[in-house]
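The values are calculated or read from the model by the stated rules, or taken from the named source; none is laboratory data. Please read all numbers here as calculations on a predicted model, not as lab measurements. With ideal geometry, Cβ positions are generated from the backbone for all residues, glycine too; neighbour counts draw on all protein chains shown. Side chains included, ligands, DNA and RNA excluded: accessible areas come from the protein's heavy atoms. Shrake-Rupley method; radii C 1.70, N 1.55, O 1.52, S 1.80 Å.
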Amino acid sequence: MAIFGSAEFKYYSKLNVKPSLRMAYNNTFGTNPFPKLLPSGLKMAPLIPSIQIKYDVSKHLTLRSSYAQGFRAPNAKELYFLFVDINHNVQGNPNLQSEKSQNYIVSLDYRHNISKEIGATFKLSGFYNHIQNQIQLALEDPRTNLYRYINIGLMNSRGITVQSDLFAH
């Protein structure tokens, strides 16, 4: 069970800001944020904020950026899965911790009409992800071919995308 809220603020005609916040109930991986006010069984996942910003630099050029936090609790398969036969030895891990992440995205979009019938877009974007306690399936014991879900600590990824489109109106 979760509650999600978002707002949108427009400054002048060029700047658009959208903050949001998610609150979720999680009885296994949550904590009671206000133990003196709320019942002891009410456990919440961490608050998950995000913000998106769009700035129209010009008629044809738009700058976008966003930041978001993430939270993912292990699912039942990752915690309790048991599949053992002659070819497999995969077991869940009830000691897993939840994943927490941060994500950053920046993009520059250029859109222009070439003629009345044809337009073009060019987009350059980059991202960065930082994940703590990422959950992965890993070989734990080569002798018994035992695979188990584990938290791998930190995982970072980054990338750049270039995209161009030609379209008809």
Looking only at the range 154-169, filter to residues that are open to solvent by 90 Å² or more (accessible area, probe 1.4 Å) and not β-branched (Val, Ile, Thr); which one of those is nearest to HIS112 (Cα to Cα)? LEU166
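Inspect all residues belonging to the range 26-33 and state whether any of them is among the hydrophobic types (A, V, I, L, M, F, W, C), touching a Ser or Thr at 6+ places or on another chain (Cβ under 7 Å) and surrounded by fewer than 15 Cβ atoms within 10 Å (Cβ to Cβ). Working first, answer last.
Taking the range 26-33 as the starting set, the residues that turn out to be among the hydrophobic types (A, V, I, L, M, F, W, C) are 29.
Imposing the further condition that a residue be touching a Ser or Thr at 6+ places or on another chain (Cβ under 7 Å) reduces the set to 29.
From the residues that got through so far, the ones that are surrounded by fewer than 15 Cβ atoms within 10 Å (Cβ to Cβ) too are none.
Looking through the range 26-33, none of the residues is among the hydrophobic types (A, V, I, L, M, F, W, C), touching a Ser or Thr at 6+ places or on another chain (Cβ under 7 Å) and surrounded by fewer than 15 Cβ atoms within 10 Å (Cβ to Cβ).
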Selection over the range 1-27 where residues are over 23 Å from GLN102 (Cβ atoms) and either in contact (Cβ under 8 Å) with a residue 24 or more places away in the chain or assigned to a strand (DSSP E or B) (or both) yields a count of 6
Name the single residue that is nearest to GLN97 (Cα to Cα) among those in the range 123-150 being without any contact (Cβ under 8 Å) to a residue 40 or more places away in the chain and either part of a loop (DSSP other than H, G, I, E, B) or touching a Cys at 6+ places or on another chain (Cβ under 9 Å) (or both). ASN133
Note on the range 99-120: residues modelled with pLDDT of 95 or more and hydroxyl-bearing (Ser, Thr, Tyr) are SER101, TYR104, SER107, TYR110
Could you go through the range 38-52 and let me know if any residue there is open to solvent by 70 Å² or more (accessible area, probe 1.4 Å) and at pLDDT 95 or above. yes
All-but-one check, ALA7 against (1) more than 30 Å from ILE160 (Cβ to Cβ); (2) open to solvent by 50 Å² or more (accessible area, probe 1.4 Å); (3) modelled with pLDDT of 95 or more; (4) among the hydrophobic types (A, V, I, L, M, F, W, C), failing number (2)
Spot the failing condition for LEU96; the list is (1) closer than 30 Å to TYR149 by Cα; (2) surrounded by fewer than 12 Cβ atoms within 10 Å (Cβ to Cβ); (3) modelled with pLDDT of 90 or more; (4) not small (Gly, Ala, Ser), and only one is missed. (2)
